[in-house]
Amino acid sequence: MEKCKKEIKEYLPIIKKAKLFSKLEQDAVESILHCLSAEIRSYQKGEFIFRIGESISEVALLLEGCIYIQREDYWGNLSILSEISQGELFGETYAVLESDAMVNNVLAVTDCEVLFFPFAALFQLCSFRCCFYTQLIQNLFIVMASKNRILAQKLGHMSQRTTREKLLSYLSEQSVKAGSSSFTIPFNRQQLADFLSVDRSAMSNELSKMKREGKLDFYRSYFTLKES
């Protein structure tokens, strides 16, 4: 337990920047984490954090590393549903629906440090309601609304009919997000194909065609969109 306390203190700057704790002072964040009995767990690259079929009651916040939420069908076809980055919350939907089993895997893409706390405990912070409870719950709803928006954006990519249209939809969004025609995406080629649910070879061929046509340029995960 002492080790967990020490680790949490070490990660407080990251935790405080998380959307869940937005507009809360550090003392308030520390009090919340103490009341939630929050603890940190370490995961190695390739290790599952949550697995399909599990029922969970804890919410998780990524402190360090990278995580993919992914689904694998009966035949082993993989789809990456989303990437979890530092400071992001995950698992909250299934923690709310405690009796429902996970339908996705949550995988550590790199070595990870993850903060866990029981979801139900968020609604039991009685002694602190006047100070910061309202802000905390408001933050939680903002986080969940933001995730719904991201899901809608991905559905927008997936609704495109062709591999080219899916690629252009995704790359256009990444350009807007970066505020530049040049940007780096968080996927390698196979991961991008899994994210867009397209065949990797067909996707690579389409990227090469668009490069020859002068629509874009790329080197590994670095892309530049062109106006031609």
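The values are calculated or read from the model by the stated rules, or taken from the named source; none is laboratory data. Fair warning: this is a prediction, and the values are worked out from it, not measured in the lab. Positions of Cβ are generated from backbone atoms using ideal geometry, with glycine treated the same way; all protein chains shown enter the neighbour counts. Note: accessible area is taken over every heavy atom of the protein model, side chains too, but ligands, DNA and RNA are not part of it. Shrake-Rupley method; radii C 1.70, N 1.55, O 1.52, S 1.80 Å.
Annotations
- A single entry from Thr184, Thr224, Thr163 fulfils the requirement of being polar (S, T, N, Q), at pLDDT 95 or above and touching a helix residue (DSSP H, G or I) at 6+ places or on another chain (Cβ under 6 Å): Thr163.
- Of all residues in region 76-88 being over 24 Å from Lys19 (Cα atoms) and touching a helix residue (DSSP H, G or I) at 6+ places or on another chain (Cβ under 6 Å), the one that is most open to solvent (accessible area, probe 1.4 Å): Leu78
- Checked against the criterion of being open to solvent by less than 90 Å² (accessible area, probe 1.4 Å) and within 30 Å of Asp27 (Cβ to Cβ), the candidates Phe141, Phe132, Phe218 yield just one match: Phe132.
- Hits in region 210-228 (condition: of a type outside the set (D, E, K, R) and over 14 Å from Leu168 (Cα atoms)): Tyr219, Ser221, Tyr222
- Leu225 over 27 Å from Ala108 (Cα atoms) and in contact with a strand residue (DSSP E or B) (Cβ under 6 Å, 6 or more places away or on another chain): yes
- Subset of region 20-75 that is of a type in the set (Gly, Ala, Ser) and closer than 29 Å to Leu192 by Cβ - its residue that is most open to solvent (accessible area, probe 1.4 Å): Ser42
- Any hit, region 91-103, residues being buried (at least 17 other Cβ atoms within 10 Å of the Cβ), in contact with a Lys or Arg (Cβ under 7 Å, 6 or more places away or on another chain) and in contact (Cβ under 8 Å) with a residue 24 or more places away in the chain: yes
- Scanning region 153-170 for residues that are of a type in the set (D, E, K, R) and either closer than 14 Å to Ile80 by Cα or part of a helix (DSSP H, G or I) (or both) gives Lys154, Arg164, Glu165, Lys166.
- Here Pro118 passes the criteria (1) open to solvent by 10 Å² or more (accessible area, probe 1.4 Å); (2) more than 21 Å from Leu12 (Cβ to Cβ); (3) touching a Ser or Thr at 6+ places or on another chain (Cβ under 8 Å) except the one numbered (2).
- Within region 3-12, the presence of at least one residue that is closer than 17 Å to Gln86 by Cα and basic (Lys, Arg) is confirmed.
- Beta carbons closer than 6 Å, at least 6 apart along the sequence or on distinct chains, pair a first residue in region 5-17 that is under 16 Å from Ser42 (Cα atoms) and outside any helix (DSSP H, G or I) with a second that is at pLDDT 95 or above and open to solvent by less than 80 Å² (accessible area, probe 1.4 Å) for Tyr11/Leu63.
- Top-ranked residue in region 183-204 [being touching a residue at least 60 places away in the same chain (Cβ under 8 Å) and more than 15 Å from the chain's Cα centre (by Cα); ranked as surrounded by the fewest Cβ atoms within 10 Å (Cβ to Cβ)]: Ser197
- Restricted to strands (runs of 3 or more DSSP E) entirely inside region 62-152, those with at least 2 residues that are of a type in the set (D, E, K, R), on the phi < 0 side of the Ramachandran plot and in contact with a Leu (Cβ under 7 Å, 6 or more places away or on another chain) are 67-72.
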